[in-house]
Structure formats: C-alpha cells, structure tokens
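A.B. asks: One structure follows; several queries about it will come next.
The values are calculated or read from the model by the stated rules, or taken from the named source; none is laboratory data. None of these values were measured; they are calculated from a predicted model. Note that each Cβ is placed from the backbone with ideal geometry, even for glycine, and that neighbours are counted across all protein chains shown. Only protein heavy atoms, including side chains, enter the accessible area calculation; ligands, DNA and RNA are left aside. Shrake-Rupley method; radii C 1.70, N 1.55, O 1.52, S 1.80 Å.
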Amino acid sequence: QVQLVESGGGLVQFGGSLRLSCDASGRIFKIYDMGWYRQAPGKQREVVAIITDSGSTIYADSVKGRFTSSRDNAKNTVYLQMNSLKPEDTAVYYCFANAQENIILRRRDYWGQGTQVTVST
C-alpha cells in the first residue's frame with residue numbers, strides 16, 4: 001500500500017498564503033502523477049493541480065497565477081503553494097498520487113485523508 005499524508009492546512013485571511021505538503025510512503029515502486037483536488041461543502045471534488053513525474057503541471061483555471069505545485073521525487077513529496085487566497089478557496093484539500101507498488105501490480109490512484117483550508121473575509 002501507498003500512504004499519503006497531507007499537512008499545512010489551516011485558517012488564513014483573505015489574500016493570505018498557505019503551503020500544503022503531501023508525503024507518500026509505503027510500498028512504492030514508482031510514482032507517476034501527483035497532485036491536489038479539493039472539495040467544498042455541497043460541491044463535487046474538483047482538480048486543483050496535477051504535476052507529472054517529469055515536472056509538467058496543469059492547473060484549474062480558478063487557481064492559475066495564484067497556486068503553484070511542485071514535487072521532490074527523491075522525497076516522494078508534492079507541495080501546493082497557495083497565494084492570494086480567496087474565501088472561495090475554502091475546502092478540504094486532498095492529495096493524490098498515481099503510483100505502482102511493484103513492477104507486477106498495475107498503477108492506481110491513492111488519496112490522502114484531506115486537510116482543511118479555510119479562508120476568512
């Protein structure tokens with residue numbers, strides 16, 4: 001199994017910044033895409049940022065220019081730097097990784113437990 005643990009969430013004022021981290025551990029043969037989704041109350045989970053193992057990134061239109069995702073492949077860690085936060089960014093943020101536990105098993109998605117980000121006005 002691959003375990004993902006997020007950290008760095010919390011309460012921040014409008015216009016503030018937060019940095020989320022997600023550490024992957026366990027049986028890891030290779031991690032492909034990593035990234036972040038979020039889910040606000042009453043809404044569906046939506047993609048925030050995806051970063052490939054080569055470092056290419058895509059972002060949701062709503063966060064472009066404000067959020068930056070990066071990863072440290074040596075540490076199996078992905079980050080999300082969130083700047084200019086808005087109340088509409090309030091959500092539970094979930095880390096995900098598309099990974100392979102060994103050379104035989106197929107790659108699959110793994111999810112963290114989520115971390116709350118709340119942006120106050």
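A.B. asks: What is the percent carbon and sulfur in the accessible area of segment 27-121, measuring with a 1.4 Å probe over the protein chains and ignoring ligands?
C.D. replies: Result for segment 27-121: 48 percent of the exposed heavy-atom area is carbon or sulfur.
A.B. asks: Counting other C-beta atoms within 10 Å, and keeping those with at most 12, which DSSP coil chymotrypsin sites (Phe, Trp or Tyr not before Pro) do you find in segment 1-108?
C.D. replies: Passing sites in segment 1-108 are F14.
A.B. asks: Any idea how far apart S120 and K64 come out in nm if each label point goes 7 Å out from Cα toward Cβ?
C.D. replies: Once both label points are built, they end up 3.3 nm from each other.
A.B. asks: Non-local amide H neighbours of E101 (under 5 Å, H modeled in plane, Pro and chain starts lacking H): which ones?
C.D. replies: So E101 has HN proximity to F29.
A.B. asks: So between S84 and R106, what do we pick up on full extension, going 0.36 nm a residue minus the alpha carbon distance?
C.D. replies: That works out to 4.1 nm of additional length.
A.B. asks: For the residue pair R45 and F29, what label-to-label distance in nm results when each label sits 7 Å from Cα along the Cα-to-beta-carbon direction?
C.D. replies: 2.4
A.B. asks: Which whole-number percent gives the relative contact order of the chain, counting Cα pairs below 8 Å spaced six or more residues apart?
C.D. replies: Reported relative contact order: 37 percent.
A.B. asks: Another question about this same structure. With θ taken as phi - 60° and the coefficients 6.51, -1.76 and 1.60, list the Karplus ³J(HN,Hα) couplings across segment 57-74 in order, rounded to whole Hz; mark glycine and proline as x.
C.D. replies: Whole-Hz 3J(HN,Hα) from phi for segment 57-74: 10, 10, 10, 5, 4, 5, 10, 4, x, 10, 10, 9, 9, 9, 8, 10, 5, 5.
A.B. asks: Also, I was wondering about something else. Using a 10 Å cut-off on Cβ atoms, rank the peptides 81-88, 101-108 from the highest mean neighbour count down.
C.D. replies: 81-88, 101-108
A.B. asks: Which ³J(HN,Hα) values in Hz, rounded to whole numbers, follow from the phi angles of segment 26-33 under the Karplus curve 6.51 cos²θ - 1.76 cosθ + 1.60, where θ = phi - 60° and Gly and Pro get x?
C.D. replies: Taking θ as phi minus 60°, the curve returns x, 7, 10, 8, 7, 10, 9, 6 Hz for segment 26-33.
A.B. asks: Could I ask something else about it? Under the rule of at least 5 residues apart or a separate chain, name every residue whose amide H is placed under 5 Å from the amide H of G16.
C.D. replies: L85
A.B. asks: If you don't mind, another one. Show the residues, 5+ positions off or on another chain, whose built amide H is closer than 5 Å to the amide H of G114.
C.D. replies: E6, C95
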